[in-house]
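To keep things clear, I will list the structure first and then write my remarks on it.
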Amino acid sequence: MSGGGAGHGGGPLVIRGARTAAGEQVEIAVLDGVIAEVGASVSTPAGAREVAGEGMLALPGGVDPHVHFNAPGARSHWEGWQTGSAAAAAGGVTTVVEMPLNASPPTVDLAGFQAKAVVADSRVDFGLWGGVVPGNRAELHTLARAGVIGFKAFMSASGAEDFPASDELTLYEAMGTIAELGLPLLLHAESDRITAQLAARAAAAGRTSVRDYIESRPPAAESEAIASALELAAITGCPLHIVHVSTARGIQLVAAARARGHDVSCEVTAHHLLLTDDDAAELGAAAKCAPPLRSAAEVAQLWQLVSQDETLFVVSDHSPAPPELKLGDDFFAIWGGISGLQSTIELMVSESLSGRRVDAVQLPRLLAAAAADRFRLAGKGALAPGMDADLTLIETGTERLLSRDELLDRHRFSPYVGCTLSARVHATYLRGDLIYHDGQLVGPPRGQLLRPGQ
Ligand SMILES: [Zn+2]
C-alpha cells in the first residue's frame, strides 16, 4: 500500500474517507478498472493502493453528451481532441459524446466517422454522434453499424456550411429510418422561419447589439420547433432528444409527450442555468449561444424543473471558436458557442453547496447517470459495483475565483472566468487509471471509443 497518494494507473485501488453526494462516508474498491465494491467499509483488494479521500466529495465521472471538439479538418484549431479532452479530465468529466458538425469531413457518412475516430486521441472515453443533413438518409444505417450513439440534426442554420439545416421532409424521412435503427435523434430545435426573419428585420434596421440578437431568437421560436418535432416523432416512433432547451415551456412540451408514451427527452446546458440575458449583455461574445441566454425569471423556472424532472441532465455544449471570430460590434456576426466543459461540474457542485437552487443529491443524476441511461452508455454514470471505475474527487472546503490560467481548453475563452467556485476537482479516474491529479494531467490519452450498449 502506498498510503495517501492518488493511486496512479492500473492496479487495484481503495479510496477511503470520501463522501457521496448524499453525504454518506464511503469506501470505494476498484479492481481491473471496474468498481468492485462501494460501502461504509469495503474489503481491500490484494495489493490495492490506498487513496485518502477525507474531506472530498466523490462523484461518478461526468458524462457530457454534448461537446464540440472540431477535429479533424480545417477547424481543428478551434479546439481539438487533446485540448478538449484535457479540459474534460481536469473538470471531472470522463465520458463525452462529440457532435457531428465542425469537423471536416462532418460525421454524415462512414468516411466522416472513420476520419474522426482515427484522430480522436482523447484523454476520456468518447462516443460520436452521426449527422442528419438533407440527402444523407442512405448513410444512416452505415453510421449506425459503425457505432454512432445516435444522430444530430438542426432545424435552423448550424453556422457550418457543410452541415445544413434539415427541412421538415428531411426530418420526417430521417426519423422513419432512425426509428428502425432504435437510436435517438438529437435536435437543435429553433424555428428557422422565426429566427431568420427576425434576424433579417434587425439587420435591415441596423440593430446589431446583444439584446437585438437575443430578441431575434425568442422563446416562441424554440417551443414552436419543439412542438413540430414532437409531432413528427410521435408519427414515426423515432426516439427524440431535444438539445439545450432554454425555456420551461420547451421542457414541459417534452415532458407532456413523454407522459403520452413517446420516447422523448431533453437536456439543459450549464450556461442556460447559470447565466441570464443580463449576463450576456455584460459578458458579450463569451456568452453568445443559440438558443440565447434567457431572463432571470425563465432561469428560475429551469432550475425548478431540473430538480423535479428525473430525466433531465446538464451538459456543457462546449463549443469553442478562435478568439478572432469572437470580435466585432455586430453581435449577429460573432461566432456563437460557449466553452464551459472544464467548469460544469465545479459550477454545479458550487451551486449545490450554496444551497439555493439545487440539492447535491441530484448531482450524480444531472451530471452523469441520466445521460448515460438515455444514451445507453454501458458501464458509465454511477458509483456502483460493476460499473467502470470512472470517478472524480472534489475538494469543497475553499473558495476561489476561476482563473483563465487553470483552463486547459485551447482558447480559454470562458464566460465563467472570475466566477466564485467553492469546489475544485482534485483527481479524476478513468477505468481505474488516474488521468488528472492536483492541477496536472496524468499519463497518455487512454480514452476509448464507446458504442451504444444494450
Ligand atoms: Zn452544440
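In whole angstrom, note down how far apart the Cα centers of segment 353-408 and segment 284-341 are.
Using only Cα atoms, the two centres lie 20 Å from each other.
Could you name the lysines in cross-link range of Lys326, using Cα to Cα under 24 Å and dropping any fewer than eight places away on the same chain?
Lys288
Give the distance, in whole Å, between the Cα centre of segment 143-168 and the Cα centre of segment 200-237.
Answer, in whole Å: 18.
Amide H neighbours of Leu434 under 5 Å, counting only residues 5+ apart in sequence or on other chains, H built in-plane at 1.01 Å?
Counting only residues 5 or more places away or on other chains, the set is Gly9, Gly10.
When DSSP beta bridges are limited to those with both residues in the chain, what percentage is antiparallel, rounded to the nearest 5? Provide the component values of the computation, followed by the final result.
Values: 29 of 59 bridges.
If I count the DSSP bridges inside the chain, around 50 percent turn out antiparallel.
Quick check: the angle from helix 219-236's long axis to the longest principal axis of the chain, C-alpha only, nearest 10 degrees?
For helix 219-236, the angle is close to 80 degrees.
Along the positive direction of the dipole of the chain (beta-carbon charges: Lys, Arg +1; Asp, Glu -1; about the Cα centre), which of Val349, Gly337, Pro291 reaches farthest?
After comparing all options, I get Val349.
Dipole of the chain, Cα-centred, from +1 at each Lys and Arg C-beta and -1 at each Asp and Glu C-beta, to the nearest 20 debye?
Values: 34 positive and 52 negative charges, 52 e Å.
Its charge dipole is roughly 240 debye.
Using each residue's phi in segment 188-203, evaluate 6.51 cos²θ - 1.76 cosθ + 1.60 at θ = phi - 60° and report the 3J(HN,Hα) Karplus result to the nearest Hz, with x for Gly and Pro.
Listing the rounded values in order: 7, 9, 9, 6, 5, 4, 6, 5, 5, 5, 5, 5, 5, 5, 5, 4 Hz.
With charges only on Cβ, +1 for K and R and -1 for D and E, what is the dipole size of segment 99-157 about its Cα centre, in debye, rounded to 20?
Working: 5 positive and 4 negative charges, 17 e Å.
Roughly 80 debye for segment 99-157.
To the nearest 10 degrees, how steep is helix 248-259 against the longest Cα principal axis of the chain, on a 0 to 90 scale?
Long axis of 248-259 versus the principal axis of the chain: about 80 degrees.
Name the residue from His411, Ser122, Leu327 whose Cα lies farthest towards the positive end of the charge dipole of the chain, charges +1 on Cβ of Lys and Arg and -1 on Cβ of Asp and Glu.
Selected residue: Ser122.
Give me the Kirkwood hydrodynamic radius of the chain, using the inverse of the mean 1/r over all pairs of distinct Cα atoms, in Å to one decimal.
When all Cα pairs of the chain are included, the Kirkwood radius is 22.0 Å.
Looking at the chain, which longest stretch skips every one of the trypsin sites (Lys or Arg not before Pro) that is in a DSSP loop with at most 12 other Cβ atoms within 10 Å, leaving the sites themselves out?
Numbers: sites that count: Arg260, Arg356.
Between exposed loop sites, the widest span is 1-259.
Please return the longest stretch of the chain lacking exposed loop sites, where GluC sites (Glu not before Pro) count only if DSSP places them in a loop and at most 15 other Cβ atoms lie within 10 Å. Let's see the in-between values first.
On the way: sites that count: Glu24, Glu54, Glu161, Glu310, Glu399.
Longest run free of exposed loop sites: 162-309.
Read-outs throughout are calculated quantities, based only on the coordinates presented, and are distinct from any laboratory measurement. Since the model is a prediction, treat every value here as computed from it, not as a measurement. Note that each Cβ is placed from the backbone with ideal geometry, even for glycine, and that neighbours are counted across all protein chains shown.
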